[in-house]
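Visitor: Can you read through this structure? Questions will come right after.
Coordinate-derived values only; no laboratory data. The structure displayed is predicted, hence computed values, not measured ones. Using ideal geometry, Cβ is built from the backbone for each residue, glycine included, and neighbour counts are taken over all protein chains shown.
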Amino acid sequence: MVEQRNKLLFIVMLAILIVAGSFYSFWQKNTVEEVVSSSDDVAAKNDFRQPERSDKVFVYISGAVHKPGVFKASGNARVFDIVEMAGGLTAEADVAKTNLAQGIKDGMHIHVVDKLPVSNEHSATTGITTTKVGNKVNINHADKGELDTLPGVGPALAERIIEYRQANGSFSSIDELKNVPGIGSSKFEKMKEKITN
């Protein structure tokens, strides 16, 4: 009986040691992972800051600014930075139609519209350039209302086109419009004669 009790006590002690060893091993592994993780976080933060030192880009600005022209800027600059480089907006500039917070890309053309009335052939709305050329809607600059006039485009799809344009920059061709969710080949065929970029 005493021998059975000693065996039982030995088994219990052995089980406690195994469990304690497992917990210690798990704790040590987590501590090492936390140290590695925190050093990875520091490296990631350093990598995150690197875009501030991105390459220079060239942007052309025209329209209602004091000194239109081509300007060299950092890759993370915004439209308002380029407007400042161009001497600021003129008194005729329509600030409400210019997205000053938009990011810039190399080779971008920013056209700041003015408040003066425009002809039917060149009606301006978004502030970067004209939105109608003849009877065609310029997909790079049209507002939600103008996009809504296109065949097969409602308010929701017009909003997606604007969101795509803000996220990816100007459309390089009208075919790129098919990249917008909700615009397939058949819908594109209905509107392609009525759009330009």
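Visitor: Per residue of region 173-187, what does 6.51 cos²θ - 1.76 cosθ + 1.60 with θ = phi - 60° give for ³J(HN,Hα)? Whole Hz please, x for Gly and Pro, Karplus curve as stated.
Guide: 8, 5, 4, 5, 4, 5, 6, 6, x, x, 10, x, 4, 5, 5
Visitor: If each residue of separation counts as 0.36 nm, what is the full-extension length gain between S185 and Q166 once their alpha-carbon separation is subtracted?
Guide: So the extension gain works out to 4.6 nm.
Visitor: Working out 0.36 nm times the residue gap between Q28 and V2, then minus their Cα-Cα distance, what length gain in nm do you get to one decimal?
Guide: The span from Q28 to V2 would gain 5.5 nm if fully extended.
Visitor: If you don't mind, there's one more thing I want to ask. Starting from the exponent 0.38 and prefactor 2.2 Å, build the expected Rg for region 54-116 from its residue count and divide its actual Cα Rg by it.
Guide: 1.02
Visitor: Evaluate the distance, in nm, between pseudo-label points positioned 7 Å from the Cα of H66 and of L14 along their respective Cα→Cβ axes.
Guide: 8.8 nm
Visitor: Using DSSP to define loop residues, name the GluC sites (Glu not before Pro) in region 51-93 whose beta-carbon has at most 14 other beta-carbon atoms within 10 Å.
Guide: For GluC sites (Glu not before Pro) across region 51-93 that sit outside H, G, I, E and B with at most 14 neighbouring Cβ atoms in 10 Å, the list reads E92.
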